[in-house]
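The values are calculated or read from the model by the stated rules, or taken from the named source; none is laboratory data. Bear in mind the structure is a predicted one, so any value in this text is a computation, not a measurement. Neighbour counts are summed over all protein chains in view; Cβ atoms, including those assigned to glycine, are modelled from backbone coordinates with ideal geometry.
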Amino acid sequence: MTRQREAISRFSAPAIMRAETRNVSLKVERVSPALGAEIHHVALASVAEDDDLFAEIRALLLQHKVLFFRDQDLAPAAHVALGRRLGQLVTHPAMPTHPDHPELLMMYRDEQKRPPTNVWHTDGSFLAEPPAAFILRCVVSPEVGGDTMWANMALAYERLPADVKQRINGLYAKHSFEHIFGGDRSPADRARLREVNPMVEHPVVRTHPETNEKILYVNQEYTTHFSNFKSTTEMRYGSDFAFEASALMNYLIRQVEIPEFQVRLRWRPNTVAIWDNRSTQHYAIHDFYPAVRHMMRVAVLGDRPF
């Protein structure tokens with residue numbers, strides 16, 4: 001519990017709305033009923049140095065789960081500084097980073113028909129302590145296409161039938177890095193992936209450490225199977241157990257596809273998205289080939305799901 005409290009404090013700041021001292025107040029424009037808000041009248045480069053402004057942005061992030069900012073000419077150093085204000089930054093084990101700022105991930109999609117991943121997911125759920133938040137800036141965008149979608153997984157849990165909520169209470173699931181990144185590798189390479197990033201176990205329903213919301217926490221990219229599933233019916237054959245578990249997992253994973261839980265962003269250069277990775281999933285739509293899309297991203301260390 002000590003490490004958990006430390007991780008929470010790294011992301012924490014007073015979530016209060018103080019009297020504005022700026023000449024122009026923030027304008028908050030909701031983008032969908034489920035989640036998402038576009039924030040106007042703010043330069044993100046100044047947020048890291050303004051305590052009141054940071055507290056306001058952070059409170060809005062907890063409320064809306066994903067925030068959009070347009071026309072943000074955010075230099076790499078300022079991007080990293082803003083991320084550090086949210087908490088300790090972490091890197092990705094399999095993607096390139098900025099030469100001067102190793103915390104800044106470079107996500108470049110060039111002449112690529114099929115990206116390595118293109119599914120709904122929670123980033124880093126294969127880690128014991130998945131990232132709490134991300135800050136993603138668009139550098140180059142296609143003229144059309146390349147949108148990103150987010151889904152509110154607290155709302156997805158809230159809308160589950162009561163009997164399903166009862167069924168999944170206390171269930172845990174395994175999450176695997178190898179599951180998505182090892183498909184085209186040799187057995188020896190997959191063994192090395194498992195050694196560096198061993199499979200982890202998370203609750204199927206996690207609790208947000210700051211809002212106390214219940215969140216449906218399984219995803220198509222990294223979740224492989226339940227680790228403590230028990231059949232609720234009399235089994236005729238041993239295979240009944242596997243069928244029942246698979247049917248329930250598939251049902252839970254597909255909740256993210258319900259449009260009423262989603263918001264969609266059309267990127268432009270210098271658009272920035274900040275999202276709470278604990279309570280959302282996202283999907284980067286790869287429909288823009290042969291155009292290109294260049295993005296930069298920082299990840300904020302999170303806590304162990306509970």
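Would you be able to tell me the number of residues in region 151-199 that are farther than 30 Å from L35 by Cβ and of a type in the set (D, E)? Break it down stepwise before answering.
To start, the set of residues in region 151-199 that are farther than 30 Å from L35 by Cβ comprises 178, 182-196, 198.
The next check asks that each one be of a type in the set (D, E); those that pass are 178, 184, 189, 195.
So the answer is 4.
Scanning region 21-70 for residues that are part of a loop (DSSP other than H, G, I, E, B), in contact (Cβ under 8 Å) with a residue 24 or more places away in the chain and farther than 25 Å from H208 by Cα turns up T21, R22, L26, V42, A43, R70.
Does at least one position in region 248-271 carry a residue that is modelled with pLDDT of 95 or more, part of a strand (DSSP E or B), surrounded by fewer than 16 Cβ atoms within 10 Å (Cβ to Cβ) and within 15 Å of the chain's Cα centre (by Cα)?
Checked against the condition, which is being modelled with pLDDT of 95 or more, part of a strand (DSSP E or B), surrounded by fewer than 16 Cβ atoms within 10 Å (Cβ to Cβ) and within 15 Å of the chain's Cα centre (by Cα), region 248-271 yields at least one hit.
Just give me the residues in region 276-297 being out of contact with any His (no Cβ under 9 Å at 6 or more places or on another chain) and closer than 22 Å to P96 by Cα, in sequence order. Within region 276-297, N277, A284, I285, H286, F288, Y289, P290, A291, V292, H294, M295 meet the criteria.
Quick grid of which residues meet (1) within 16 Å of L44 (Cα to Cα); (2) at pLDDT 95 or above:
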| position | (1), (2) |
| --- | --- |
| E56 | yes, yes |
| L60 | yes, yes |
| A75 | yes, no |
| V80 | yes, yes |
| T91 | no, no |
| D100 | no, no |
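Restricting V119, V80 to residues that are surrounded by 20 or more Cβ atoms within 10 Å (Cβ to Cβ) and not in a strand (DSSP E or B) narrows the list to V80.
For region 175-221, filtered to residues that are of a type in the set (S, T, Y) and crowded, with 21+ Cβ neighbours inside 10 Å, the residue that is nearest to L61 (Cα to Cα) is Y217. So for region 217-230 (the condition being farther than 30 Å from R137 by Cβ, within 22 Å of the chain's Cα centre (by Cα) and β-branched (V, I, T)), does at least one residue qualify? Yes, there is a match, as at least one residue in region 217-230 is farther than 30 Å from R137 by Cβ, within 22 Å of the chain's Cα centre (by Cα) and β-branched (V, I, T).
Take the conditions (1) at pLDDT below 90; (2) part of a loop (DSSP other than H, G, I, E, B); (3) under 24 Å from P161 (Cα atoms); D240 misses just one of them, which is (2).
Looking only at region 108-134, residues that are closer than 20 Å to N197 by Cβ and modelled with pLDDT of 85 or more come to 14 in all. Number of residues in region 272-290 that are in contact with a Gly (Cβ under 7 Å, 6 or more places away or on another chain) and either at pLDDT below 95 or closer than 22 Å to D110 by Cα (or both) equals 3.
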